[in-house]
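To start, the structure itself, in structure tokens.
The values are calculated or read from the model by the stated rules, or taken from the named source; none is laboratory data. Note that the structure is predicted; figures quoted are calculated from it, not measured. Methodologically, a virtual Cβ is constructed for each residue, glycine included, from the backbone with ideal geometry; neighbour enumeration extends over all protein chains shown. Only protein heavy atoms, including side chains, enter the accessible area calculation; ligands, DNA and RNA are left aside. Shrake-Rupley method; radii C 1.70, N 1.55, O 1.52, S 1.80 Å.
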Amino acid sequence: MKSLFCIALAAVTLAPALYAQDRDFLTSDEAAQIREAQEPNLRIELYAKFARRRIDLVKSLLSKDKTGRAIVIHDALDDYSKILDAVDAVIDDALERKIDVKPAMTPLSNYERDALPLLQRIRDSKPKDLDRYEFVLTAAIDSTHDGIDSASADIDERAKDVQHKAEEDKKALEKLQTPADRAAKQQQEQKQGEDTQQQRKPPTLLRPGEKLGPGGLSGPTGGK
């Protein structure tokens with residue numbers, strides 16, 4: 001009986017964590033918009049808009065004393081932090097590929113500066129159900145602080161750091177590769193180069209063996 005009780009207790013304890021892992025932090029519509037937005041600056045702006053939605057939802061819920069609001073507030077704050085993490089990943093990926101993300105950095109930073117005092121006021125006001133979402137609220141405040149610090153830092157220096165880290169990671173990965181892995185990679189790169197060259201060849205209506213010279217068509221079917 002004691003073992004069964006321990007198993008049940010563990011299941012109850014782990015359930016929220018497992019639920020959080022399985023739950024998507026974007027709605028299906030938001031995820032579709034992100035997939036369509038291939039340009040990094042557009043993606044950053046979209047993520048900022050989605051983050052604002054989460055904070056607006058939390059503000060709305062806290063203005064009404066409704067039963068069951070704590071879990072929705074918890075999830076919205078958790079989503080907010082994950083969205084900021086996603087923004088950070090988009091920025092680093094763009095900088096690694098030497099894409100200018102400065103156009104989106106200012107509006108993102110302005111939004112985070114607006115969101116920070118709102119989150120701090122929630123914590124300081126100590127809502128009666130704060131214990132249900134205090135952990136994710138603290139994480140949201142920390143994520144916002146980090147975002148503001150990153151936005152205020154020199155973006156060119158950040159780009160150098162990101163590119164340096166990418167090079168170091170690439171070298172470390174190459175060291176772990178076996179000779180067979182390196183040979184396969186070289187063969188794949190060679191094939192990709194050949195495919196690229198093939199795609200670059202200008203289109204032609206000539207059949208194999210035919211040539212177009214000064215006097216016109218020559219070759220097997222050119223009559224010359």
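Descriptive notes on the structure:
- Cα centroid separation, the range 67-91 to the range 124-190 (Å): 18
- Assuming charge only on the beta carbon of Lys and Arg (+1) and of Asp and Glu (-1), the dipole of the range 66-174 about its Cα centre is about 560 debye to the nearest 20.
- Label-to-label distance for Ser60 and Gln188 is 4.6 nm, based on points extended 7 Å past Cα in the beta-carbon direction.
- Surface exposure of the range 29-89, expressed per residue as accessible area with a 1.4 Å probe, stands at 49 Å².
- Inter-label distance for Leu173 and Ala89, nm, one decimal - labels placed 7 Å from Cα along Cα-to-Cβ: 1.5
- Calculated FRET efficiency, Arg35 to Asp114, Cβ-Cβ distance, R0 = 41 Å: about 0.90 to the nearest 0.05.
- In this label model, Asp124 and Asp181 are separated by 5.2 nm, measuring between points 7 Å along each Cα→Cβ vector.
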